[in-house]
Structures are given as C-alpha cells and as structure tokens.
Amino acid sequence: MSVLVYENSARREPGDRWSDAHGIAMLLATVLTVVTRLPFLATTVGFVSLMALVTWSRGAWTPSGRFGLANTVTSGRLLLSFVLVLRPEAWTGQFLALTALAILTLDLVDGTLARRFDGESRFGARYDMEVDAVFVVSLSCALWSRGVAGPWVLLAGLWRYLFVVVPLIVASRGGEAPRSLLYRSAYSMMVGCFLVALIAPISFARPLALLGTVLLSASFLRSFWYRYRPPVDA
C-alpha cells in the first residue's frame, strides 16, 4: 500500500490536474452513492477515471514503456474492489473479508514486482495510490450497505479526496506533516478494524467500524493541521 495516500505531500506534479479532477469526481460520486443507495456507484466512477489516467499515461507506465506486471496486478486489485460493492448484502461477511484480504496481499505483491521487474515510475506510484483510495471507498461502502455502520463510515474513504480538493478552495499555508510511525499505521489499523467488522456480530462490528474511521480521520486531521496551521513566529 502506498503511504502517499495517508502521508500526503503538498508538492505538485504534472499529473495533479488529473488528480484534482479525480478527487472532485470521487467526492461527488460518494455523495450520490449515499443519495441513491447504490454502493457500486463511487467505485465505478473511480474505475472510469483511473482508466482515463491509464490511457493518458500511455508510454510512461514503466521506464520501458510497457504496462508491466506490477501495474497489471494493481489493475486486478481495482477489479476485485467491485466484488465488495456489487450487492455486498448478498455475500457472506467472510467472503467479503477474504476478498479484501486478497486485495491487501496483492498490494504487497505489486510493489515487489515493480522493484524487481518493471522498475518504479511516477505513473505506477500514482496508480497504486489511487487504487488504494478506491479500495477504501469500496470497503466503506460494503460496511454501510450491509448495515454494519451508518453513512459516516464513508468518511474513511473521503479523506483522501478532501485532502486533494480542499487546497483548490482554500490555499494551504503550511507544509507536510512530519512522518510518524503511529500515523503511518493508521491505514493498516483502519483496514484491520473494517475486516473484522465484516465478520463480527453487529454489537461488536459497529464499534470496530467507528474505531477504524476515527483512527484514519485522526491521521488526516493531523495532516490538515500541519497544512493549515497558523505561521509560527520566529
């Protein structure tokens, strides 16, 4: 999993115009997901947007120009995210938890493949990061659709996009939050809570979903604080 999803940087790169548009589209799609009660809607918008990124980045996928094994595995993770949101109430919690676990395992595999075979690239890092974000949205939607948690659980999936979109409205005046092992672990702890929530009794699952959402929210709020905190007098 790319820590760039949760250890965000204020630096701008050429692909950030797509990232800005993608963030806005995902925010709107997640709101529409709640309004329409169609859990697959946000994941579908994310898939279409990411396919546009793949097409736009043709030739820059890897140092060799080929799409590569790592990006192929990352695409497989994106497709598996649909399993979490296509009628999630029809699947058992165990099946959905195993699917999410498979996505996490493949996340470790694609990074290894990129370093060993394909070579790392800006596209690969961005693609991996954004597929991670779509996975979080999908996992959150699965919990909400199954009645494990209320719409508030989707906040876990929204933070990444809020972090992209808010600076377009309110210019940041700070910098990047210092790296912290605790906050870098927020993603893993959140996913762990969500996975157990899929298979636990509702009386235990709902507090777990809330804990995972709070942990990830605390990580992003910390990053927002460093980005927007008042200047420190010398």
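Of note:
- Selection status of residue 134, in contact (Cβ under 8 Å) with a residue 60 or more places away in the chain, more than 26 Å from residue 52 (Cα to Cα) and touching a Ser or Thr at 6+ places or on another chain (Cβ under 6 Å): no
- Contact map, the stretch 166-192: residues that are in a loop (DSSP other than H, G, I, E, B) paired with residues that are among the small types (Gly, Ala, Ser), Cβ distance under 7 Å, separation 6+ or inter-chain. Pairs shown: 172/10; 175/10; 176/9; 176/10; 177/223.
- Residue 124 being over 12 Å from the mean Cα position of the chain (by Cα) and over 20 Å from residue 38 (Cα atoms): yes
- Selected residue (only one of 162, 143 is closer than 12 Å to residue 224 by Cβ and within 18 Å of the chain's Cα centre (by Cα)): 162
- Summed over the stretch 208-218, the residues that are surrounded by fewer than 23 Cβ atoms within 10 Å (Cβ to Cβ) and within 16 Å of the chain's Cα centre (by Cα) give a count of 4.
- If the condition is being in a helix (DSSP H, G or I) and basic (Lys, Arg), then the stretch 56-97 contributes only 77.
- Any chance residue 138 is closer than 22 Å to residue 28 by Cα, in contact with a Leu (Cβ under 9 Å, 6 or more places away or on another chain), in a helix (DSSP H, G or I) and among the hydroxyl-bearing types (Ser, Thr, Tyr): yes
- For the stretch 173-184, the set of residues classified as more than 14 Å from residue 221 (Cα to Cα) and in contact with a helix residue (DSSP H, G or I) (Cβ under 8 Å, 6 or more places away or on another chain) consists of 173 only.
- Total residues in the stretch 191-207, condition buried (at least 20 other Cβ atoms within 10 Å of the Cβ) and either polar (S, T, N, Q) or closer than 23 Å to residue 162 by Cα (or both): 3
- The single residue among 77, 116 that is closer than 20 Å to residue 187 by Cβ and either of a type in the set (Lys, Arg) or in contact with a Cys (Cβ under 9 Å, 6 or more places away or on another chain) (or both) turns out to be 77.
- Those residues of the stretch 19-43 which are in contact with a Leu (Cβ under 6 Å, 6 or more places away or on another chain) and assigned to a loop (DSSP other than H, G, I, E, B), in sequence order: 40
The numbers here are math on the coordinates, done by the rules we state, and not lab data. As the structure is a prediction and not an experimental result, all values here were calculated from the model. Neighbour counts run over all protein chains shown; Cβ positions are idealised from the backbone, glycine included.
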